[in-house]
Amino acid sequence: MIEQLFGSKTRVKLLQLFCQNPNRSFYVREITRKIDEQINSVRRELANLLSIGIITSDNNNNRLYYEVNQSFEHFKALESIFGNKKGFKQTSKKATVKKTEDAVEAPSEEVAEALEVTDPFLAELIKTGNVRMALYTGQFTRDDSVEVDLVIVGDLNHSAVDNLVADLEKSEKKSIRYSIFDSTEFSYRRQVNDRFVSNLLTSKKVILIDKDKLLK
C-alpha cells in the first residue's frame, strides 16, 4: 500500500533507509547494497528526492554522499511514516561467537526480538552480553571531530565483539575504530569531563541503544 502511495518500491526503501538513519550519510553503491535494488533505479530515485529537497548530497573524497534533510518542511511527517523501525524489520546474518574462559553469558535470541532490534549489528551484539549503550559516529556519520566510529558500553564478551566488528568491517568495506567500556568507567569519564566522552557527546552520531540514558 505504501509503495502504491509513493509510486515506487525503490523510493519507499530509500525513504526508510534515510528516515531510520537521520544522521548517517550513504554513497550510491552502499545504498544499493543496503536496499537491494538496481543502481540505475537508485540513482533515478535519489535524483527525485534531491529535487524535492527531502535529501541533500555532499562530495567527500571524490565520493558523493546522500543524507536526509532534517530541515525539510515535511521531514517530521515522513519520519513518522518511515522512521518507525518496528514496521520494517530486517534480518541479519548470524556471526560466529567464540567461547573464551572469561566469556559473558549472552542473552537468548528471544531477548533481542523482545527489544524489537532492527539494526543487524546490534541484534548480534546483544547476544554477546549485557549491552547498555551502543552508537555509530565518526566514519558512519562523517564527523571528523571524533577518533572512533563505534562505541559500546556494557558487560560483554570482548572476543565475540571483535568477531562481530570484523564482520561489520567486511560488510561496510572499511576499517572500523571502536571502543568498549563498562558502565562504571563510562559514567566516571563523563563525570570528570573526559575529553573522549565530551567529544563523543557533541559528535554527530546514530544511537543504536541507550538503556541507561548515558548520553542524556
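The values are calculated or read from the model by the stated rules, or taken from the named source; none is laboratory data. In this text, all values refer to a predicted model and were calculated from it rather than measured experimentally. Please note: Cβ atoms are built from the backbone with ideal geometry, for glycine as well, and neighbour counts cover all protein chains shown.
Numbers below:
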| item | result |
| --- | --- |
| Test: residue in the range 46-66 that is of a type in the set (D, E, K, R), surrounded by 13 or more Cβ atoms within 10 Å (Cβ to Cβ) and out of contact with any helix residue (DSSP H, G or I) (no Cβ under 6 Å at 6 or more places or on another chain) | no |
| Candidate set: the range 46-91, residues that are of a type in the set (D, E, K, R) and at pLDDT below 80; chosen: the one nearest to the chain's Cα centre (by Cα) | 85 |
| Failed criterion for residue 159 (all others in (1) in a loop (DSSP other than H, G, I, E, B); (2) farther than 22 Å from residue 30 by Cβ hold) | (1) |
| Members of the range 159-216 found to be among the basic types (Lys, Arg) and on the phi < 0 side of the Ramachandran plot, listed by number | 170, 174, 177, 189, 190, 195, 204, 205, 211, 216 |
| Selection status of residue 180, under 26 Å from residue 83 (Cα atoms), free of Cβ contacts under 8 Å to residues at least 60 places away in the same chain and β-branched (Val, Ile, Thr) | no |
| Cβ pairs under 8 Å, 6+ apart, first in the range 16-38 and crowded, with 21+ Cβ neighbours inside 10 Å, second of a type in the set (Lys, Arg) | 25/142; 26/34 |
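Each row is one residue, and each column tells you yes or no for (1) surrounded by fewer than 15 Cβ atoms within 10 Å (Cβ to Cβ); (2) closer than 30 Å to residue 35 by Cβ; (3) among the polar types (S, T, N, Q).
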{"residue": "166", "(1), (2), (3)": "yes, yes, no"}
{"residue": "170", "(1), (2), (3)": "yes, yes, no"}
{"residue": "182", "(1), (2), (3)": "yes, no, no"}
{"residue": "192", "(1), (2), (3)": "yes, no, no"}
{"residue": "197", "(1), (2), (3)": "no, no, no"}
{"residue": "200", "(1), (2), (3)": "no, yes, no"}
